[in-house]
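Heads up: the structure comes next, in structure tokens.
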Amino acid sequence: MKQGLTRDDYHAWFRHIDQGPFHSLSCGERILGPTYDMRILLASAAAVTERIEINTTLYVLPMHNAVRAAKEIATLDVMSGGRLTVTVGYGGRPLDYKAVGATYGGRHAKMDEQVATMRSIWAQNPPFEGVDPVGPVPVQEGGPRILTGAMGPKGIARSAQWADGIFAFSGNGEKDELANTLGMADKAWADAGRDTVPYHMGGCWFTLAEGGQQKLYDYVYNYLLIAGEDIAKWMADSQHRSGPDAVREALDNIEAAGCEEAMLSPVTAELCEIDRLVDIIETR
């Protein structure tokens, strides 16, 4: 989500993460603003890494055609050697939808239909009668697992019908906030009659760079400015995961909330974010 990043910056991050103790690498999707295309970035990450999982966090699925998305995702699964997880979300930026000619209203029901369409495409069912199936066939049988980034009870209940797990995000890595979302997911899965429990992934913002607290504030403020200056300032003021002790506490919170995976979102592109995070992980 940072401006001014280059090919060399991204490839340095991809390779550096692949060498560390990390499980996955991810980026999100935005249309307006300086960000690169999520799908092309992750394809580039798949090409220069060998070990880590590739995760779309979040793929704003209702902005896209489901058949086209299924083809892109299957291709990325093949090119990553089956290292792909897809985390989908509804998105909260109406102007992004408008920019690509997509309809913002009705996106919740649309995503239910889209997931069913993608899984049908991955099973090599033609999109309509009398035509060839849409390739390629994913490496992972039935296609990659799908996590949901839904946050509210209604969205989580819908997702429980088709998702394999949930991505809960707490900007400041607060245990109670994460546990509440995961608890809603566990209940929704049970209410839906699922015979499995959802995979739990939790995330937060952080920085281990010099002068990190100001950088954390600036990042969160600018990221949320679309919601209004008052909300952006309130959220930015509430973030404090800007040093080793604060990041260790966030990791403890994420684990204590019941997460199986911690998705940590750095607010700078400085490689020290990775090196210093490795130190924390290896001594924790």
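The values are calculated or read from the model by the stated rules, or taken from the named source; none is laboratory data. On a predicted model such as this, the values are computed, not experimentally measured, just so you know. Cβ coordinates were reconstructed from backbone atoms using ideal geometry, including for glycine residues, and neighbour counts include every protein chain displayed.
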Check your understanding: Within the bounds of the stretch 214-226, is there any residue that is surrounded by 15 or more Cβ atoms within 10 Å (Cβ to Cβ), of a type in the set (Lys, Arg) and more than 26 Å from residue 6 (Cβ to Cβ)?
Key -> no
Review point. Does the stretch 129-145 hold any residues that are farther than 20 Å from residue 164 by Cα and either among the basic types (Lys, Arg) or within 20 Å of the chain's Cα centre (by Cα) (or both), and which are they?
Key: none
Review point. Can you spot a residue in the stretch 268-276 that is outside any helix (DSSP H, G or I) and small (Gly, Ala, Ser)?
Key: yes
Check your understanding: In the stretch 72-81, is there at least one residue being surrounded by 21 or more Cβ atoms within 10 Å (Cβ to Cβ), in contact with a strand residue (DSSP E or B) (Cβ under 7 Å, 6 or more places away or on another chain) and not hydrophobic (A, V, I, L, M, F, W, C)?
Key -> yes
Study note, to complete from the structure: From the option list 168, 190, 150, 179, single residue qualifying as among the hydrophobic types (A, V, I, L, M, F, W, C) and surrounded by fewer than 16 Cβ atoms within 10 Å (Cβ to Cβ) is 190
**Study point:** All positions within the stretch 44-98 that are farther than 17 Å from residue 141 by Cα, among the charged types (D, E, K, R) and over 18 Å from the mean Cα position of the chain (by Cα)
**Key:** 50, 51, 68, 98
Practice item. Please state which of the following conditions residue 263 fails to meet, knowing it meets all the rest: (1) touching a residue at least 40 places away in the same chain (Cβ under 8 Å); (2) outside any loop (DSSP other than H, G, I, E, B); (3) in contact with a Leu (Cβ under 9 Å, 6 or more places away or on another chain). Key: (3)
Check your understanding: Filter the stretch 193-213 for residues that are part of a loop (DSSP other than H, G, I, E, B) and of a type outside the set (A, V, I, L, M, F, W, C); which is surrounded by the most Cβ atoms within 10 Å (Cβ to Cβ)?
Key -> 207
Check your understanding: Just one of the numbered conditions (1) closer than 23 Å to residue 109 by Cα; (2) of a type outside the set (Gly, Ala, Ser); (3) without any contact (Cβ under 8 Å) to a residue 60 or more places away in the chain; (4) outside any helix (DSSP H, G or I) is not true of residue 181; which one?
Key -> (4)
Practice item. Would you tally the residues in the stretch 99-127 being surrounded by fewer than 18 Cβ atoms within 10 Å (Cβ to Cβ), outside any loop (DSSP other than H, G, I, E, B) and either in contact with a Leu (Cβ under 9 Å, 6 or more places away or on another chain) or of a type in the set (A, V, I, L, M) (or both)? Key: 4
Revision key, fill the gap. Output for Cβ contacts, cut-off 6 Å, separation at least six or different chains, first residue among the polar types (S, T, N, Q) in the stretch 81-102, second in a loop (DSSP other than H, G, I, E, B), reads 85/144; 85/145; 87/149
Review point. Residues 254, 231: which one is part of a helix (DSSP H, G or I), surrounded by fewer than 18 Cβ atoms within 10 Å (Cβ to Cβ) and not assigned by TED's automatic domain parsing to the domain that holds residue 57?
Key: 231
